[in-house]
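Visitor: After the C-alpha cells below, expect a handful of questions from me.
The values are calculated or read from the model by the stated rules, or taken from the named source; none is laboratory data. Predicted model, so just to flag it, every value in this text is computed and none were measured. Backbone-built Cβ (ideal geometry, glycine too); neighbour counts: all protein chains shown.
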Amino acid sequence: MIVLASLTDTAQGIVETFGIDWPMLIAQAINFLIVAFVIWKFAFKNILSTIKEREKQIADSLRNADKIKLELEETEKQQQETLQEASLEAKKTISIAQEQAKAFIEEQKEDARRQAEEIISKAKLAMEQERERVLREAREEIASLVVLTTSKVLSKDLSEEEKQRFSARATEELNLVS
C-alpha cells in the first residue's frame, strides 16, 4: 500500500507539475483514436494494398526479366548454332564447287589432249597421203624416164603397149625396192 500511496503522490505531482487537465486529455485521446482509425481505414490500408501490388508487380517483373533473360540466352545459342550450320554449309558448298571446278578442268584438259591427238593423227594421215602421192608421181616420172631412156638406148620408137609394159614393170620394181 505504501507503494500505491507513493504512486498516487507521484501521479499527482506530475499532474500538478505539467498541468494536465484530465477531461481534455481524454478528449484528445479519443480524437487521436478517431483520427488514427480513419487514417488506418481510408489511407493506410490503401497505401498497404498499393505497396503489396507494387511488390507483386516487381516480383512479376523480376520473373519476367529472368524468363526474358533465359529466352535471350536460348535465342543467342540458337543463333550461334545457325551461324555454325551456315558456316559448315558454306564450306561444304565451296568444297563441292572446287571439286566440280577441278573435274571440269580435268575434263577440259582431256578434251584438249584428245583434240590434239586427233589433229596429230590427221596431220600424220595427210603426210602419209602426201608422201604416197609424191612417191606415186615420182614412180610415174621414173617409169616415163625409164621408157624414154630405153627407147633412146634401143634407138627405136616403142609402141604404146610396150611403153605401158615397161612403165608397169618399172613401177613394180620400184614398189619392190621401197
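Visitor: Considering each residue of the range 44-58, count those that are more than 25 Å from ILE34 (Cα to Cα) and not polar (S, T, N, Q), and give that number. Outline the logic, then answer.
Guide: From the range 44-58, those more than 25 Å from ILE34 (Cα to Cα) are 52-58; that's our starting set.
From what is left, the residues that are not polar (S, T, N, Q) are 52-56, 58.
The number of residues fulfilling the criteria is 6.
Visitor: Another question about this same structure. List pairs: first residue in the range 87-116 and at positive phi, second residue in a helix (DSSP H, G or I) and surrounded by fewer than 10 Cβ atoms within 10 Å (Cβ to Cβ) anywhere in the structure, Cβ distance under 6 angstrom, at least six positions apart or on different chains.
Guide: Pairs found: none.
Visitor: Within the range 15-29, how many residues turn out to be assigned to a helix (DSSP H, G or I) and surrounded by fewer than 10 Cβ atoms within 10 Å (Cβ to Cβ)?
Guide: Looking only at that region, the number is 6.
Visitor: Looking at this structure, is ILE68 of a type in the set (Val, Ile, Thr), under 47 Å from the mean Cα position of the chain (by Cα) and modelled with pLDDT of 90 or more?
Guide: Here the answer is yes, as ILE68 does meet what is asked.
Visitor: Please go through the range 30-53 and give me each residue that is surrounded by 11 or more Cβ atoms within 10 Å (Cβ to Cβ) and either among the basic types (Lys, Arg) or touching an Asp or Glu at 6+ places or on another chain (Cβ under 9 Å) (or both), ordered by number.
Guide: Within the range 30-53, just LYS45 meets the criteria.
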